[in-house]
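Shown next, in structure tokens, is the structure this report addresses.
The values are calculated or read from the model by the stated rules, or taken from the named source; none is laboratory data. Every value quoted in this text rests on a predicted model; they were computed, and no experiment measured them. Cβ atoms come from the backbone with ideal geometry, glycine included; neighbour counts cover every protein chain shown. Ligands, DNA and RNA are stripped out before the accessible areas are found, and what is left, the full protein with its side chains, is counted by its heavy atoms. Shrake-Rupley method; radii C 1.70, N 1.55, O 1.52, S 1.80 Å.
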Amino acid sequence: MSSPYPAIGLRSLILYGLPGLPLAAVTLPLYIHIPNFYAVDLGLGLAAVGLVVLAMRLWDVVTDPLVGMLSDRIGTRFGRRKLWVAVGLPVAVAGGWMMFRPPVDAGLAYLLIAGLILHLGWTLVMLPYQAWGAELSGDYAQRNRIAAWREGFVVLGTLVAGGLVAAAGSPETRAEALATVGLVLAVGLPLAVAPALLFLADPPITVRVPPPAWREDLRRMIRNKPFVRLLAAWILNGIANGLPATLFLLYVGVILGQPEKSGTFLATYFLMAIAGLPLWLWIAARIGKHRAWCIAMIWACAWFALAPFLGPGDGMLYLALCVGTGLALAADLALPPSMQADAVDVDTAQGGPAKTGIYFALWGMATKLALALAVGIAFPVLEAVGLDTEGTAGPVGPNEGALVLALLYGAVPIAFKAAAIALMWRFPLNADEQGGLRARIERSVG
């Protein structure tokens, strides 16, 4: 069946995806390297840094819905989503500069202030940016392409920034590498966003948006069963991904005893994520987005099951694990955000204006909450069991905390992914259902 929506051209896909490259410096490198850098290299402690990171995410509970609501309701000649992306640029740059280029005597208060500024800027840019992509097309399959191009640029940027930091072997060189990431963010983000602001369409508000009605909006979201189901699965899978992301450097150093190879492992992981994007788009086109995502999570679980059994000298086996889980990451990046756009259609089809911004605000809150829980749980647990961050023992050895580290890295994520799979296997929104929703929306607008 042919789509009633015009195809999204390559130029538009590149214009939309390009900002994802510098934004990557505020995503996975932030979650992988920054907690470890402040906790270990700057000596602030695992438990204390974990609690500060959790406080940063709680700040998002306030800012995310506010920004989502404002970007839904305030539009100008300049654009609706564009306006907030432009407003957030200087805030994100300032927070990133502080976070990635701290003074040598930076303490917990500095980390907290830098984190609050960075997260506010990230919210102002990222939430309207994601909602913008969801509104570029109403087509079930084209939304996959839009999300895949954005996340492909994100992975490419993460590969560069994350590999740069991971390749640094000492605290001094890690500090220099993080400072370079901050510089790349400060210069690269405005350069990457400017073409989209100037040349990419920003769909206008087609229906007058009434004043906020928080209780009614919340009731409608709760009644949107596909959205609630998808959001729950996204949180569960986010915790499953957040644990190994947060613990990556500790796992490679303590369990494998090969911190000098962390750059190679990360590069492999993210390269496979880029390579896997076309594969999962092909699979999703044949069996549906939700079933393809479930298969990807099952595939990831099979590889994570190896992690608790690895030890010193198992670098090649871990490299294979990075290949397998990197392929699964491609599905995590492209398919759930595309399904999120479809779930918003369930609400919009009931009548009234599209509230894509507030939906993606809750999506962003869920993402950050999952990653915060990963840090806020894992770091205090590892400190409580006395993990020796300088040790090189395997899962069974003199470093008793290494066993807990290995289980948190490999076994616990499997349990969370299994719960997400159970929620998503019979997800009700397929191509036919979404096509019917879009037809109702188009009739109401017309």
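Quick look at the values:
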{"item": "Answer from R219, R174, R229, R208 - the residue that is among the basic types (K, R) and modelled with pLDDT of 90 or more", "result": "R229"}
{"item": "Restricting the range 68-94 to residues that are at pLDDT 85 or above and among the β-branched types (V, I, T), the residue that is nearest to L200 (Cα to Cα)", "result": "V85"}
{"item": "Hits in the range 239-276 - residues which are among the small types (G, A, S) and part of a helix (DSSP H, G or I)", "result": "A240, G242, A245, G253, S262, G263, A267, A273, A275, G276"}
{"item": "Qualifying positions in the range 259-303 - farther than 19 Å from G152 by Cβ and among the β-branched types (V, I, T)", "result": "T264, I287, I295, I298"}
{"item": "From W293, W303, W299, residue being touching a residue at least 24 places away in the same chain (Cβ under 8 Å), of a type in the set (F, W, Y) and buried (at least 23 other Cβ atoms within 10 Å of the Cβ)", "result": "W293"}
{"item": "Of all residues making up the range 98-126, the number that are among the acidic types (D, E) and under 20 Å from the mean Cα position of the chain (by Cα)", "result": "0"}
{"item": "Residue within the range 22-41 that is buried (at least 17 other Cβ atoms within 10 Å of the Cβ) and in contact with a strand residue (DSSP E or B) (Cβ under 6 Å, 6 or more places away or on another chain) present", "result": "no"}
{"item": "Scan of the range 352-382 for residues that are touching a helix residue (DSSP H, G or I) at 6+ places or on another chain (Cβ under 6 Å), open to solvent by 10 Å² or more (accessible area, probe 1.4 Å) and over 23 Å from L124 (Cα atoms), ordered by number", "result": "G376, P380"}
{"item": "Residue that is nearest to L362 (Cα to Cα) [pool: residues in the range 233-247 that are open to solvent by less than 10 Å² (accessible area, probe 1.4 Å) and small (G, A, S)]", "result": "A233"}
{"item": "Scope the range 409-446; condition in contact (Cβ under 8 Å) with a residue 24 or more places away in the chain, closer than 14 Å to W293 by Cα and not in a loop (DSSP other than H, G, I, E, B); matching residues", "result": "K417, A418, A419, A420, I421, L423, M424"}
{"item": "Residue under evaluation W84, criteria (1) touching a residue at least 60 places away in the same chain (Cβ under 8 Å); (2) open to solvent by less than 50 Å² (accessible area, probe 1.4 Å), criterion not met", "result": "(1)"}
{"item": "Selection status of L13, part of a helix (DSSP H, G or I) and either open to solvent by 20 Å² or more (accessible area, probe 1.4 Å) or on the phi > 0 side of the Ramachandran plot (or both)", "result": "no"}
{"item": "Verdict on T76 being among the hydroxyl-bearing types (S, T, Y), open to solvent by 40 Å² or more (accessible area, probe 1.4 Å) and farther than 20 Å from L243 by Cα", "result": "yes"}
{"item": "Criterion: under 22 Å from I358 (Cα atoms), in contact (Cβ under 8 Å) with a residue 40 or more places away in the chain, in contact with a Gly (Cβ under 8 Å, 6 or more places away or on another chain) and not in a strand (DSSP E or B) - qualifying residue of A92, A25", "result": "A92"}
{"item": "Check on L317, over 30 Å from E433 (Cα atoms), modelled with pLDDT of 75 or more and surrounded by fewer than 18 Cβ atoms within 10 Å (Cβ to Cβ)", "result": "yes"}
{"item": "Residues (farther than 19 Å from L333 by Cβ and either open to solvent by less than 20 Å² (accessible area, probe 1.4 Å) or β-branched (V, I, T) (or both)) located in the range 248-259", "result": "L250, Y251, V252, G253, V254, I255, L256"}
{"item": "Any chance L236 is touching a His at 6+ places or on another chain (Cβ under 9 Å), of a type outside the set (S, T, N, Q) and either modelled with pLDDT of 90 or more or part of a loop (DSSP other than H, G, I, E, B) (or both)", "result": "no"}
